[in-house]
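Okay, structure first, notes after.
The values are calculated or read from the model by the stated rules, or taken from the named source; none is laboratory data. Remember, it's a predicted structure, so these values are computed and weren't measured experimentally. Cβ placement follows ideal geometry from the backbone for every residue including glycine, while neighbour counts extend to all protein chains displayed. We work out accessible area using only protein heavy atoms, side chains counted, and drop any ligands, DNA or RNA first. Shrake-Rupley method; radii C 1.70, N 1.55, O 1.52, S 1.80 Å.
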Amino acid sequence: MKLGCCYYPEHWPEKMWAEDARRMAAMGLNLVRIGEFAWSRLEPEPGHYDWDWLDRAIDTLAAAGLKVILGTPTATPPKWLVDRMPDMVAIDEQGRPRGFGSRRHYCFSHEGYRDECRRIVTALAERYGQHPALAMWQTDNEYGCHDTVLSFSAAAAAAFREWLAARYGTPDALNAAWGNVFWSMEYRSFDEVDPPHLTVTEANPAHWLDYRRFASDQVASFNREQVDILRRLSPGVDITHNFMGFFTEFDHHDVGRDIDVATWDSYPLGFLEQFWFSSEEKRAYFRQGHPDIAAFHHDLYRGCSGRRWGVMEQQPGPVNWARFNPAPLPGMVALWTLEACAHGAELTSYFRWRQAPFAQEQMHAGLLRPDSSEAEAAAEVRAAAEVLADIGPQVCAKAPAALVFSYEAAWVVGIQPQGQSFRYLELVFETYSALRARGLDVDIVSPEADLSGYRMVLIPTLPIVPEGFVDKLAALECPVLIGPRSGSKTQSFSIPDGLAPGALRALTGVTVTRVESLRDGVAGSADGFAVTRWREDLAGDLVPELTDAAGRAVVSYKDGVRYCGIWPDRALLALLVERMAVEAGVELLDLPEGIRVRRTQSLVFTFNYSSQSVFVPHLGATLPPASWHLAPR
Ligand code: GAL
């Protein structure tokens, strides 16, 4: 795995560049990502490019033996461009234009902005596409960051109408699919359809789902336009995009198919603080991140782009954007780095080289302080670089467990939660965590993935079952777990004929006759697990494997396929993982709290995420906090 950093030569006097480059190389870095926000310096006046500074910056980095990852600057359109076409900005759900003065202020559907993007990307690729120091391209920066996938602009509305016409052919077909007779919502022409916002009460969920699908397609096609240009003018050079954490607003599998390496931006402490974790977990892991946060995304993004993936931005110290921004425990930056390697990353790049003393992110740590002295993380990067050099390239084999992840499932559950605590990401994450807590390696895959060869397959929920998916499951000989709400909707967001789980009824033997959502702690528990958040009444030709306190089926079993009709709490997930693993003959470990294990083809990595020293039975040794242990496989 190579190491790198994110660097902004345009932020620093040119006389600092050579020394920066020398120190990067001396620290063990090979890669430098540059350029992704530099449009105002690359084209200071419309049509007048200034490449000289970037030429010199790349040459300076290359002279120190570094290679560059060059970002296209389309996340930050300059002021002159916005002033020339003010309608290129995104419009938010409340109908307000998103202003200039930060970033990502564009609408994915604006054709004029897309022309401008094609122009600047073409110019950049013509200039640097064949440069010997170019290691990789990065398209744009973090599609969707700051809530920017959905736009309700006139451009988006027009593109949505075309998208609907291509999907449905006639307004009657659309009306029928969405059920628009309900509340007299019928349209006589596609031109009458608006984006689903500013309605009096909720808009039709089918309308929302198609708007989300459309918006996701716009992100993918925006990205594809850049990819096509880069492939033509810079053949053979890898292309990446840096995805985010806990983010489901567009289908990353779609974008992943068009790029070579899926990278993501890993801020474990910020994510722990900002997401659903309990205050107990937030306290226990505030300097480390929950032990599954980074790993979950490593395994998710490995499944996004033909198994090639990496970390483009690794948190090196306190960030600036969470509610609280603590410093990592000493050792954590090195641990996060080696953990990425253990999951098969080809690069980890730190954000950022030097903390900026000015503008929005001046409170965000870097590897250097603003005065160029080394921040705490620098020594850890050097230590990690030494370990990496020692162990050499690491490759991950197919994991025993497959976890099916669907962006569309996240949209369906988000559009119609039915109970406010039914959260898609949390459900998938908890299932993942149950596997990892028993030492299992996991591949997180799309519903389109080939599932053959896995020893166990878990589908936390899949409300819309894609074509061919049931046959794929039926052909498996391993244990399968299907979670609540699976098969509960048709493609056009209706209840399927014959009730949920729709296409999965024959396979599971289950019919769901009623669902209810529950406040935490109101329903009875049984066998150590609680019935909470969600409960389905299961009928049909089923063998109840687990029942609740009232004797009603909670989990059914049929020919190796389990259907779980409640929100599974940790105790239930632990029980199901154990049963499936035993049936599959997969070895389990009893890992103490905070300990995680990950295998490459040649090594077993053990990580201590706890803030205490922990005795690890499978090693027969005690690991200090924020430390790791490597053993041959
Ligand atoms: C990422 C972004 C970077 C920087 C960083 C700060 O979301 O890609 O440009 O803003 O966060 O943590």
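Per the listing T490, T461, the residue uniquely open to solvent by less than 10 Å² (accessible area, probe 1.4 Å), more than 15 Å from K558 (Cα to Cα) and assigned to a loop (DSSP other than H, G, I, E, B) is T461.
This table checks each residue for (1) within 29 Å of R96 (Cα to Cα); (2) within 16 Å of the ligand (Cβ to nearest atom).
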| site | (1), (2) |
| --- | --- |
| C145 | yes, yes |
| V149 | yes, yes |
| A154 | yes, no |
| A176 | no, no |
| S184 | yes, no |
| Y187 | yes, no |
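Scanning segment 332-354 for residues that are within 14 Å of the ligand (Cβ to nearest atom) and assigned to a loop (DSSP other than H, G, I, E, B) gives F351, R352, W353.
With respect to L435, determine if the residue is open to solvent by less than 40 Å² (accessible area, probe 1.4 Å), modelled with pLDDT of 95 or more and part of a strand (DSSP E or B). Before you say what the answer is, go through the steps one by one.
On the way: open to solvent by less than 40 Å² (accessible area, probe 1.4 Å): yes; modelled with pLDDT of 95 or more: yes; part of a strand (DSSP E or B): no.
When the stated conditions are applied, L435 does not pass them.
In the set R188, R212, only one residue is open to solvent by 10 Å² or more (accessible area, probe 1.4 Å), in a helix (DSSP H, G or I) and not hydroxyl-bearing (S, T, Y); that residue is R212.
Could you please let me know if R56 is free of Cβ contacts under 8 Å to residues at least 60 places away in the same chain and either open to solvent by less than 60 Å² (accessible area, probe 1.4 Å) or under 26 Å from R84 (Cα atoms) (or both)? The answer is no for R56.
Could you run through segment 105-135 and say how many residues are more than 16 Å from the ligand (Cβ to nearest atom) and open to solvent by less than 30 Å² (accessible area, probe 1.4 Å)?
So the first thing to find is which residues in segment 105-135 are more than 16 Å from the ligand (Cβ to nearest atom), and the list is 107-135.
Applying the additional criterion that residues be open to solvent by less than 30 Å² (accessible area, probe 1.4 Å) yields 107-110, 112-114, 117, 120-121, 123-125, 128-129, 133-134.
Here the count works out to 17.
Checking G71, G65 one by one, the residue that is within 16 Å of the ligand (Cβ to nearest atom) and either in contact with a Phe, Trp or Tyr (Cβ under 9 Å, 6 or more places away or on another chain) or touching a residue at least 12 places away in the same chain (Cβ under 8 Å) (or both) is G71 and no other. Filter segment 1-31 down to the residues that are open to solvent by less than 10 Å² (accessible area, probe 1.4 Å) and without any contact (Cβ under 8 Å) to a residue 60 or more places away in the chain, then identify the one that is farthest from the ligand (Cβ to nearest atom). Among them, the one singled out is A21.
Of all residues in segment 501-544, which are open to solvent by 30 Å² or more (accessible area, probe 1.4 Å), of a type in the set (V, I, T) and free of Cβ contacts under 8 Å to residues at least 40 places away in the same chain? Passing the criteria: T511, T513, V522, V543.
Filtering A176, A135 for residues that are among the hydrophobic types (A, V, I, L, M, F, W, C) and over 25 Å from the mean Cα position of the chain (by Cα) leaves a single hit, A176. Within segment 600-612, being out of contact with any Leu (no Cβ under 9 Å at 6 or more places or on another chain), in contact (Cβ under 8 Å) with a residue 40 or more places away in the chain and surrounded by fewer than 18 Cβ atoms within 10 Å (Cβ to Cβ) holds for Q601, S602.
Please go through segment 167-185 and give me each residue that is part of a loop (DSSP other than H, G, I, E, B) and either open to solvent by less than 40 Å² (accessible area, probe 1.4 Å) or assigned by TED's automatic domain parsing to the domain that holds S494 (or both), ordered by number. Spell out how you get there, then give the answer.
Keep residues of segment 167-185 that are part of a loop (DSSP other than H, G, I, E, B), which gives 169-170, 179-181, 185.
The answer is G179, N180.
Meeting the requirement of 2 or more residues that are assigned by TED's automatic domain parsing to the domain that holds E516, more than 16 Å from D292 (Cβ to Cβ) and among the small types (G, A, S), the strands (runs of 3 or more DSSP E) wholly within segment 552-633 are 553-558.
Residue-by-condition table, conditions (1) out of contact with any Gly (no Cβ under 9 Å at 6 or more places or on another chain); (2) more than 16 Å from the ligand (Cβ to nearest atom); (3) not in a loop (DSSP other than H, G, I, E, B):
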| residue | (1), (2), (3) |
| --- | --- |
| A356 | no, no, no |
| Q360 | yes, no, no |
| P370 | yes, no, no |
| A377 | no, no, yes |
| V387 | yes, yes, yes |
| P393 | yes, yes, no |
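Close Cβ contacts (under 6 Å, 6 or more residues apart or on different chains) running from residues in segment 402-425 that are without any contact (Cβ under 8 Å) to a residue 60 or more places away in the chain to residues that are part of a loop (DSSP other than H, G, I, E, B) comprise A402/L451; A402/Y454; V404/P447; S406/P447; S406/L462; A409/T461; A409/L462; A409/P463.
Among the residues making up segment 221-247, those that are within 16 Å of the ligand (Cβ to nearest atom) and touching a residue at least 60 places away in the same chain (Cβ under 8 Å) are N223, T240, H241, N242, F243, M244, F246, F247. Assessment of segment 504-511 against the conditions (closer than 21 Å to Y424 by Cα and either touching an Asp or Glu at 6+ places or on another chain (Cβ under 9 Å) or among the basic types (K, R) (or both)) yields no matching residue. When R213 is tested against (1) without any contact (Cβ under 8 Å) to a residue 40 or more places away in the chain; (2) away from the ligand (no atom under 16 Å from the Cβ); (3) not acidic (D, E), just one condition goes unmet, and that condition is (1). Here V261, V311 are screened, and the one residue that is touching a residue at least 12 places away in the same chain (Cβ under 8 Å), buried (at least 24 other Cβ atoms within 10 Å of the Cβ), touching a Lys or Arg at 6+ places or on another chain (Cβ under 6 Å) and among the hydrophobic types (A, V, I, L, M, F, W, C) is V261. The one condition from (1) within 16 Å of the ligand (Cβ to nearest atom); (2) closer than 22 Å to R231 by Cα that S305 does not meet is (1).
Considering only segment 318-337, I want to know if a residue exists there that is in contact with a strand residue (DSSP E or B) (Cβ under 9 Å, 6 or more places away or on another chain) and among the charged types (D, E, K, R). Step through it out loud before you land on a result.
Narrowing segment 318-337 to residues in contact with a strand residue (DSSP E or B) (Cβ under 9 Å, 6 or more places away or on another chain): 331, 333-337.
From what is left, the residues that are among the charged types (D, E, K, R) are none.
Within segment 318-337 (the criterion being in contact with a strand residue (DSSP E or B) (Cβ under 9 Å, 6 or more places away or on another chain) and among the charged types (D, E, K, R)), the answer is no, since none of the residues qualifies.
When you look at P447, is it free of Cβ contacts under 8 Å to residues at least 60 places away in the same chain, of a type outside the set (V, I, T) and crowded, with 16+ Cβ neighbours inside 10 Å, yes or no? It would help to see each step written out before you state the result.
Working: free of Cβ contacts under 8 Å to residues at least 60 places away in the same chain: yes; of a type outside the set (V, I, T): yes; crowded, with 16+ Cβ neighbours inside 10 Å: yes.
Criteria met by P447.
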